[in-house]
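Below is one structure, written out as structure tokens; comments come after it.
The values are calculated or read from the model by the stated rules, or taken from the named source; none is laboratory data. Remember, predicted model here, so these are calculated numbers, not experimental data. Cβ placement follows ideal geometry from the backbone for every residue including glycine, while neighbour counts extend to all protein chains displayed.
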Amino acid sequence: MGRTVRKIVSSVALFAALLPLLACTGGDPPEQRAVPSELAAESREAHRRLPLDGAHNFRDLGGYRASDGRSLRWGVLYRSDALSDLSDDDLVYLNRLDLRRVVDFRSPQERERERDRLPPGAEVTLAPIVGDALDPRELEALLLSGDASGEEVADLLVAANRAFVTDFADVYSDFLRGLAEADGLPVLFHCTAGKDRAGFAAAVTLLALGVPRKTVMRDYLLTNGYSEDHTRSVLRLIRLASLFRTEPDDVRPLFEARPEYLEAAFATIDAKYGSDDAYLREGLGIDDALRARLRRNLLE
């Protein structure tokens, strides 16, 4: 039971999230599973999530339209949850993506507990987002104690998204600079649940490309549909591991992508910098020349 509990609560939100416990898909051999970039344009959106056995929130960021009318290329930028439970068939499938680089936002403790399984040839960039606001051990005790309230848990995620803007500018600046390298694609970036640290990385990338906030929010909220079955199973396990002290509704906010979480980051950007452009320029050091390279690299 102890290892099961650790796998459930070792990593959530900003500094911790949860590991895949269920297979997302199954059936077709890896060579028969379609990659979104290989499909007809009208079919790609329906196949945005890649059909992996060991990751439930692995998806292609292609197709989002920027303000200049161009769209993010398919098959160059992927976001995901943890990669430690990928099957051998998943690795065969991922080989087809020809990944050049994998960016891992997890803490050293998370990486040690659950090591990524990766296809050969991908360079790994460690970009840990860690801090004192959420300690995995304290979070584990909170989740299993039965003392957590839904409001308290949601507040943790609101605070985490504010911290992405105020405390981790260097991490996200380096991430964007890497995406501007012409020979560095395709890139996969991930945390553990694939919704908070990786979710903000996706958001700031789309903003830098000129994708409107409404579309950024829509991408952020896709996690809920992709993770619904997984979340339901994890909440049942937490209920059992807590000896029925913890009510699922009290901790559900921890496993969801809620509009108010990302809106907290947007509000922090507006309060501190006044606009997305000013945040990118002053907060992240992404000047016009770098944004132009980023757009040349990612848009079509």
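Among R177, R236, which is surrounded by fewer than 16 Cβ atoms within 10 Å (Cβ to Cβ) and either part of a loop (DSSP other than H, G, I, E, B) or of a type in the set (D, E, K, R) (or both)? Only one candidate passes the filter, namely R236. Looking across S87, S71, S80, S37, one residue alone is touching a strand residue (DSSP E or B) at 6+ places or on another chain (Cβ under 6 Å) and surrounded by fewer than 18 Cβ atoms within 10 Å (Cβ to Cβ). It is S71. Picking from residues in the stretch 193-233 that are β-branched (V, I, T) and at pLDDT 90 or above, the one that is surrounded by the fewest Cβ atoms within 10 Å (Cβ to Cβ) is T215.
For the stretch 249-281, the set of residues classified as exposed (fewer than 15 other Cβ atoms within 10 Å of the Cβ) and in a helix (DSSP H, G or I) consists of D249, P259, E260, D270, A271, K272, A278, listed by residue number.
When the residues of the stretch 81-119 are filtered to those that are in contact with a Cys (Cβ under 9 Å, 6 or more places away or on another chain), of a type outside the set (A, V, I, L, M) and in a loop (DSSP other than H, G, I, E, B), which remaining residue is nearest to F164 (Cα to Cα)? Checking each candidate, the answer is F105. Exactly one residue among R6, R101 is of a type outside the set (G, A, S), at pLDDT 95 or above, buried (at least 17 other Cβ atoms within 10 Å of the Cβ) and out of contact with any Phe, Trp or Tyr (no Cβ under 6 Å at 6 or more places or on another chain), and that residue is R101.
With the condition kept exactly as written, say whether any residue in the stretch 88-98 is farther than 23 Å from Y226 by Cα and not charged (D, E, K, R). Within the stretch 88-98, none of the residues are farther than 23 Å from Y226 by Cα and not charged (D, E, K, R). In the stretch 160-193, how many are over 18 Å from L207 (Cα atoms) and among the small types (G, A, S)? Residues in the stretch 160-193 being over 18 Å from L207 (Cα atoms) and among the small types (G, A, S): 4 in total.
A148 fulfils the conditions (1) at pLDDT below 85; (2) assigned to a helix (DSSP H, G or I); (3) crowded, with 16+ Cβ neighbours inside 10 Å except for a single criterion, (2).
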